[in-house]
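These notes are about the structure you will find just below.
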Amino acid sequence: MESQAVEELDTNSTLHESANLDKPIVTQVENRGAQYEGGEDIGRRLTDDSLHHDHPINLPRWRKTAILVTLAWSGFLANYSASAHLTAFPQMAAYFGVTPSLVAQSIGYSLLGIAVGPIFYNPMSRTIGRRPTYLLGSALFIPCVIWMALSKNYAVFCAGRFFAGFFSAFSQTVPPASIADIYPPEVRGDKMAIFGVAVILAPAISPLICGLVIEYQDAKWQIIYWIVLGFAGLQLLMFIFLVPETLWVEDPVLEHQQETLQIEDGKKTLNGQPIRYCLKNLLITSKL
């Protein structure tokens, strides 16, 4: 009985010590949020002063908002395009000379493209950067939309659907990485929720717009994809003008190098740089 009581006391003391060890961590996070101007209300920082001033996390608030809106729009558009003709099955079936069930199957080709695309886009975004990946996918998505709108037979339409899904697939997996690039951990959850809501809303909104087109234009189902084309053009413009490169490459710092880190404004900073400078230096080195 005495040994059992001793074991219980040891267990309780260990748990108590663990709980005490966790308290400074919580206090650190709270203090970190309180130091931010306006952080008394939200309790979380939007920047990190310990990082280099050019680090994507230290971008201005308006620029981060613009980036987040653009990423959410791209996630919305890919799913909107995949479900754009949900209410136009009879009209499209009559146009292509197939059954409505076959037209319904064409949605699967877009989803297949969206499923395969990240296999290529994710490594690309880590190699050449986020911005080139966004621009490439957005630019190649546009001719695929025109392809679908001008299709004269079912097979050609399905092929266009697959490639449209493939080229727009970047919008489903790369944006979360960009959100992590520009926001500290304390606020990433909220920003990811905004992106997730945009992705989920698309299949609910696309039938409403498609239904209005079919109601007033009937057999002119192609208008559905001309609308998508306008959305795709807007997406490309948003990526061109609003989204900078956010992939930041840190130089490896060994433990014995911690004391020799570069000091700027009284703060030690890692010698990181945007991916574009890394690629530029790599090309110069290869030429030598």
Handout entry: Test: residue in segment 71-81 that is among the hydroxyl-bearing types (Ser, Thr, Tyr), without any contact (Cβ under 8 Å) to a residue 60 or more places away in the chain and either part of a loop (DSSP other than H, G, I, E, B) or surrounded by 16 or more Cβ atoms within 10 Å (Cβ to Cβ) (or both)
Key = no
Handout entry: Val145 crowded, with 18+ Cβ neighbours inside 10 Å, among the β-branched types (Val, Ile, Thr), at pLDDT 95 or above and out of contact with any strand residue (DSSP E or B) (no Cβ under 6 Å at 6 or more places or on another chain)
Key = yes
Handout entry: Test set (1) of a type outside the set (Ser, Thr, Tyr); (2) buried (at least 16 other Cβ atoms within 10 Å of the Cβ); (3) at pLDDT below 95 - Val243 fails condition number
Key = (3)
Exercise for the section: Could you give me the residue pairs with C-beta distances under 6 Å whose first residue belongs to segment 188-208 and is β-branched (Val, Ile, Thr), whose second residue is part of a helix (DSSP H, G or I) and surrounded by 15 or more Cβ atoms within 10 Å (Cβ to Cβ) wherever it lies, and which are 6+ apart or on separate chains? Expected result: Ile194/Ala72; Val199/Gly75; Val199/Asn79
Practice task
Hey, can you tell me all the residues within segment 149-173 that are within 9 Å of the chain's Cα centre (by Cα) and either more than 17 Å from Phe76 (Cα to Cα) or surrounded by fewer than 24 Cβ atoms within 10 Å (Cβ to Cβ) (or both)?
Solution key: Gln172, Thr173
Exercise for the section: Restrict the check to segment 123-133 and report whether at least one residue is at positive phi and at pLDDT below 95. Expected result: yes
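For Ile107, state whether it is in contact with a strand residue (DSSP E or B) (Cβ under 9 Å, 6 or more places away or on another chain) and either modelled with pLDDT of 95 or more or not in a loop (DSSP other than H, G, I, E, B) (or both).
So Ile107 does not fit the description; no.
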Exercise for the section: Might you check whether a residue that is basic (Lys, Arg), more than 26 Å from Gln217 (Cα to Cα) and surrounded by 19 or more Cβ atoms within 10 Å (Cβ to Cβ) occurs anywhere in segment 122-131? Expected result: yes
Handout entry: Some residue of segment 206-220 being of a type in the set (Phe, Trp, Tyr), modelled with pLDDT under 95 and either farther than 19 Å from Ser83 by Cβ or touching a helix residue (DSSP H, G or I) at 6+ places or on another chain (Cβ under 9 Å) (or both)
Key = yes
Exercise for the section: Name every residue in segment 82-104 that is part of a loop (DSSP other than H, G, I, E, B) and surrounded by fewer than 23 Cβ atoms within 10 Å (Cβ to Cβ), in order of residue number. Expected result: Ser83, Leu86, Thr87, Gly97, Val98, Thr99
Fill in the blank from the handout: Sole miss for Ser151 among (1) closer than 28 Å to Ile128 by Cα; (2) not in a helix (DSSP H, G or I) is condition (1)
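Name every residue in segment 199-240 that is of a type in the set (S, T, N, Q) and surrounded by 15 or more Cβ atoms within 10 Å (Cβ to Cβ), in order of residue number.
The first filter runs over segment 199-240 and keeps only residues of a type in the set (S, T, N, Q), leaving 206, 217, 222, 235.
Those that are of a type in the set (S, T, N, Q) and surrounded by 15 or more Cβ atoms within 10 Å (Cβ to Cβ): Ser206, Gln222, Gln235.
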Practice task
Tally the residues that are aliphatic (A, V, I, L, M) and not in a helix (DSSP H, G or I), restricting the search to segment 154-170.
Solution key: 1
Practice task
Out of the residues in segment 182-212 that are touching a Lys or Arg at 6+ places or on another chain (Cβ under 7 Å) and part of a helix (DSSP H, G or I), state the one that is farthest from Ala149 (Cα to Cα).
Solution key: Glu186
Problem - Test: residue in segment 124-134 that is outside any loop (DSSP other than H, G, I, E, B), among the aromatic types (Phe, Trp, Tyr) and under 18 Å from Ile224 (Cα atoms) - result: no
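The values are calculated or read from the model by the stated rules, or taken from the named source; none is laboratory data. Keep in mind it's a predicted model, so treat the numbers as computed, not measured. Here Cβ is always computed from backbone atoms with ideal geometry, including for glycine, and neighbour counts include all displayed protein chains.
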